[in-house]
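The values are calculated or read from the model by the stated rules, or taken from the named source; none is laboratory data. Since we're looking at a predicted model, the values are computed, not measured. No Cβ is skipped: glycine too gets one built from the backbone with ideal geometry, and neighbour counts run over all protein chains shown. These area figures cover heavy atoms from the full protein model, side chains too; ligands, DNA and RNA do not enter into them. Shrake-Rupley method; radii C 1.70, N 1.55, O 1.52, S 1.80 Å.
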Amino acid sequence: MKLLKKLLKFVFALLGVLIMTLLVIIGIDAYRTNYLDSDRVENGNINSYLITHVNVVPMTKDTILTDKMVYIKAGVIEDIADDIDIDGVKVIDAENKFLMPGLIDMHVHVWDRYELGLYLSNGVTAVRNVWGMPMHLRMKEDINNDEIISPIFFTSGPKLTGPEFIGDDNLNLTDPEEARNKVVSYKDKGYNFIKTYYGLTPELFDAVLEQAKLSDMDIIAHPSQKVPYSYHLDPQIKSVEHTEDFVQQPLDYTLDTVKLKEVIDLYAGAKHSTHCPTLVVFNNIYQMLVDDNILQSESLQYMNPLIKKVDSKGQFERWHNAKLEDASVTERIKKQHDFHLYIIKELHEANVRIICGTDAGIGVTIPGFSIHKELGFYKEAGLSNYEVLKTATVNAAKTHAIMNDMGVIEKGKVANLILSDNNPLTDLSTLQRPSAVFVKGRKLDRKTLDSFEEKAKDRKNLLASGIRYAENLIVEK
């Protein structure tokens, strides 16, 4: 008995040391990202400004409002006019620069707070995280309470899949009652959306759809191969992800324009349907195939170290081995990417709403920076600059009711804004390095944005990231 007590005492002591160690690791990571704290960022607690001599790109239509004043009051656009007489507000002379709504990335995977600064540095003032974990609920709470400077943050719950095991990063549902309970649970926990994923069977999918409607939870759908593609155009589903899944599911791995028209007609017939392409993440497969040194590139220094070590490396090795087995895979991937551009053109011409999403945070798709490449692909597909910008502003903001207060510059909207040197309606590249970014009315100058990038570069938080991911496996499984 004495030996047992000693063993138990030793085990509890060991557990105590382990818990303390984990808390210290998480605490150190929190300390290293405190540069995002509102009280540490210059002017981080000021959210009222009068911007003068600014050319406004309202995104309500394809136009420029020249030499205007914009009054931001408590983080909200209060007025836009030729002349505004207001006292007691800090004045910013925009020097004839261009002011447009901040960009919204509608498909990201956030792994740490460093990435929040990377999004802001690239003009992304709101993100939709589509792989929810407990850490995201804490992050969302801190952001909503204005404790940290960050893009406005929305998140789905964990990915819901069918009973077939397709990775420990998915939540396997086995019966409709369990599916309904998960929807209710995610609503109660504070997740904004439901994410349906690969492998959901018809009975499970139906249960999720029914409960989501009852619980007033919007669904984001990664298409499931277990149901007809038309399932994903249900009114409760607010966006269908990944253009590549046109090819991998309804087109059955062919680049068939006749079959494609049938899918386009499905979208066009469902007036509510929205498509989120994520072209850049698929194109990055091609980039891995043609660049053997991509994992050593400077851009990869901005990737979370756990993801870089596990997912980036894993994806690179998968496609490197595929190329060794069949050299034609490179050309096949390139052709499919080009076909994706054609799909975007056809969707656009059919008046299907397209929203910008990158799938940043996985593989070699870098948070923040990747949105410019994604927008460039829409331009290459034939959209005008105005139409391209709509995908990451007004279109995105229309997707969910809780996002309707963003996406355009008009009275009453949240002051999420980009100040750029040149006119983005004629030069999309000007958005790659905004002169300043406003998030909920808080102004971040280029020097501050550059510091966010520098802090995130080659960061040392692999263990902290692993702990947060392990928490998800324990809590949500």
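A few points about this structure:
- Looking across the range 237-249, just one residue is modelled with pLDDT under 95 and not in a helix (DSSP H, G or I), and that is Gln249.
- Subset tally (residues that are exposed (fewer than 13 other Cβ atoms within 10 Å of the Cβ) and part of a helix (DSSP H, G or I)) for the range 159-182: 1
- Test result for Val127, without any contact (Cβ under 8 Å) to a residue 60 or more places away in the chain, in contact with a strand residue (DSSP E or B) (Cβ under 9 Å, 6 or more places away or on another chain), part of a strand (DSSP E or B) and buried (at least 24 other Cβ atoms within 10 Å of the Cβ): yes
- Among the residues making up the range 345-357, a single one is buried (at least 23 other Cβ atoms within 10 Å of the Cβ) and more than 19 Å from the chain's Cα centre (by Cα): Leu347.
- Qualifying residue in the range 460-473 (condition: within 23 Å of Asn145 (Cβ to Cβ), of a type in the set (Asp, Glu) and in a helix (DSSP H, G or I)): yes
- For the range 381-406, a residue qualifies if it is surrounded by 16 or more Cβ atoms within 10 Å (Cβ to Cβ) and more than 26 Å from Tyr342 (Cα to Cα), and the qualifying residues are His400, Met403, Met406.
- Scanning the range 53-72 for residues that are over 27 Å from the mean Cα position of the chain (by Cα), touching a residue at least 24 places away in the same chain (Cβ under 8 Å) and under 22 Å from Ile104 (Cβ atoms) turns up Val54, Asn55, Ile64, Val70.
- Pro223 being touching a helix residue (DSSP H, G or I) at 6+ places or on another chain (Cβ under 9 Å), more than 19 Å from Trp131 (Cα to Cα) and not in a helix (DSSP H, G or I): no
Results for (1) buried (at least 21 other Cβ atoms within 10 Å of the Cβ); (2) not acidic (Asp, Glu), shown as yes or no for each residue.
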residue: Gly269; (1), (2): no, yes
residue: Ser273; (1), (2): no, yes
residue: Val281; (1), (2): yes, yes
residue: Asn284; (1), (2): yes, yes
residue: Asp292; (1), (2): no, no
residue: Leu295; (1), (2): no, yes
residue: Met303; (1), (2): yes, yes
residue: Val310; (1), (2): no, yes
residue: Trp319; (1), (2): no, yes
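- Test: residue in the range 69-86 that is at pLDDT below 95 and more than 30 Å from Lys187 (Cβ to Cβ): yes
- Close Cβ contacts (under 6 Å, 6 or more residues apart or on different chains) running from residues in the range 240-254 that are in contact (Cβ under 8 Å) with a residue 12 or more places away in the chain to residues that are surrounded by fewer than 21 Cβ atoms within 10 Å (Cβ to Cβ) and among the basic types (Lys, Arg) comprise Leu251/Lys259.
- Residue in the range 201-215 that is more than 27 Å from Thr358 (Cβ to Cβ), modelled with pLDDT of 95 or more and crowded, with 24+ Cβ neighbours inside 10 Å present: yes
- Screening Glu346, Glu454 for residues that are under 22 Å from His272 (Cβ atoms) and of a type in the set (Asp, Glu) leaves exactly one candidate, Glu346.
- The residues of the range 415-434 that are open to solvent by 20 Å² or more (accessible area, probe 1.4 Å) and over 18 Å from Leu116 (Cα atoms), listed by number, are Asp421, Asn422, Asn423, Leu425, Thr426, Asp427, Leu428, Ser429.
- The set of residues in the range 216-227 that are out of contact with any strand residue (DSSP E or B) (no Cβ under 8 Å at 6 or more places or on another chain) and either β-branched (Val, Ile, Thr) or crowded, with 19+ Cβ neighbours inside 10 Å (or both) contains only Val227.
- Options Ser185, Ser156, Ser230, Ser150: the member that is outside any loop (DSSP other than H, G, I, E, B), buried (at least 21 other Cβ atoms within 10 Å of the Cβ) and of a type outside the set (Val, Ile, Thr): Ser156
- Flag if Lys334 is free of Cβ contacts under 8 Å to residues at least 60 places away in the same chain and either open to solvent by 10 Å² or more (accessible area, probe 1.4 Å) or in a helix (DSSP H, G or I) (or both): yes
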